[in-house]
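Okay, structure first, notes after.
The numbers here are math on the coordinates, done by the rules we state, and not lab data. Note that the coordinates shown come from a computational prediction; the quantities given were computed from them, not determined experimentally. Cβ: placed from backbone, ideal geometry, glycine included. Neighbour counts: every protein chain shown.
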Amino acid sequence: MISTTAEVREQHRFDAAALERYMRVHVAGFDGALTVKQFRGGQSNPTYYLTAGGREYVLRRKPPGKLLPSAHAVEREYRVITALGTTGFPVPRTYALCEDASVIGTAFYIMDCVHGRVITDPAIPGLTPSARSAMYDSLSHVLARLHTVDWRALGLADFGRPGNYFARQIHRWTEQYRASETEKIDAMERLIAWMPEHVPSGDETTLVHGDFRLGNVVIHPSEPRVAAVLDWELSTLGHPLADLAYNCLPYRFTREWEGLADKNLRELGIPTEEEYVAAYCRRTGRAGIPDWNFCLAFAMFRLAAIAQGIMGRAIAGTANDPNARERGARARPLAESAWALVGKRAG
């Protein structure tokens, strides 16, 4: 992971001496002179690699500038990681949360630096079929553990609004989509009308990650297993099948979108979507998922709304991502893929 660090970007610099003074008081065992680097990548919360006295830490902070009230909630990340850490769930150890913006300019938290491999391609190139199989088994196991943890016992009963997750999310993402709409997408219009009327019965509430995918975990340096789950910014109380469906979307996409749909899974040693879902169901005591296509369509709908937001920012000239137009253009095919899954039921 350390090879992905660089000098701190100009817009993300802060007073390292002030941080060192804070860590001497608030981080147990801290010693030595502090050095600060920044992780490369597109994290919405700037993330830094810290070293001092032969020890390594990671700092995540809110970005500087005017922010939406609920965005970049590092306090929530710290809270859920700290709670899960007490159960042995694979998350970094946390050290301190600082909500005093006078220290480095914004709220931040400090956690352990977990070494390992960050792999973004779900085909996991360069490894043996047995290693790929074990990694996917570990992903399924970790997601099932997250969805079966007793969130009330962890003090997370107020971490979200229990119940009606799909309905609330459909409403939320419809509003987000409308706010950044740049063209009429027929499939999106159909989904917006159809989905609220067809939310599956039998509501459930668990702790959900919100962005659970291979690229958001650290794989152990030498073993084919998840060493730590990262990027908890979207975590809340929600429906576990929304998490699972989002996690399974690479099965529905081709390599253009870092997907698996055009791969020989057996040759690669990667379970099929059916096998992966079956392993999750076995681990969570679930007999099956009768409304699986709805769950997948919801995951695609949510991504389409996110893509539309990116396109809106690209057209307005406020997008940070140099590939914003390309990512924004995914809104239409995502909506069409979602409607193709559920549209037959609409008649």
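Rounded, prolate or oblate: which fits the stretch 2-112 when a ≥ b ≥ c are the square roots of the eigenvalues of the alpha-carbon gyration tensor, with rounded for a/c under 1.5 and prolate only if a/b beats b/c? In terms of gyration-tensor shape, rounded.
Counting 0.36 nm for each residue step from ALA316 to ARG117 and taking away their Cα separation leaves a gain of 68.0 nm. ARG40 to GLU197: FRET efficiency via 1/(1 + (r/R0)^6), r the Cβ-Cβ distance, R0 30 Å, to the nearest 0.05? After rounding, the FRET efficiency stands at 0.10.
Sorted from fewest to most neighbouring beta carbons within 10 Å, what does the list ILE315, ILE310 look like?
Details: ILE315 15, ILE310 22.
By the 10 Å Cβ count, ascending, the order reads ILE315, ILE310.
Given C-alpha coordinates of the chain, what is the ratio Rg to Rh with the Kirkwood estimate of Rh? Looking at the chain, the ratio lands at 0.96.
For the stretch 80-115, the residues whose backbone nitrogen is under 13 Å from a point 7 Å from the Cα of THR4, taken along Cα to Cβ, are 114-115.
Roughly how many debye, to the nearest 20, is the charge dipole of the chain about its Cα centre, given +1 on each Lys and Arg Cβ, -1 on each Asp and Glu Cβ, and no other charges? Working shown, then result.
Numbers: 41 positive and 39 negative charges, 22 e Å.
In debye, rounded to 20, the chain gives about 100.
Length available on full extension from ARG21 to HIS171: 0.36 nm per residue minus the Cα-Cα distance, which gives 49.5 nm.
Hey, could you get me the Stokes-Einstein D for the stretch 230-301, Kirkwood radius over alpha-carbon pairs, 4 °C and 1.567 mPa s, rounded to whole µm² s⁻¹?
Working: Rh = 13.4 Å.
My calculation gives 97 µm²/s for D.
Comparing LEU59, HIS220, ILE270 along the charge dipole axis of the chain, the residue lying farthest to the positive side is LEU59, per the Cβ-charge model. Relative to its residue count, the stretch 145-194 spans a Cα convex hull of 117 Å³ per residue. The modelled label-to-label distance for the pair LYS263/ARG55, using points 7 Å beyond Cα in the direction of Cβ, is 3.8 nm. What aspartates and glutamates sit close enough to LYS184 to cross-link, taking a C-alpha to C-alpha distance under 17 Å and skipping anything fewer than 8 places away on the same chain? In chain and number order, the partners are GLU175, GLU336.
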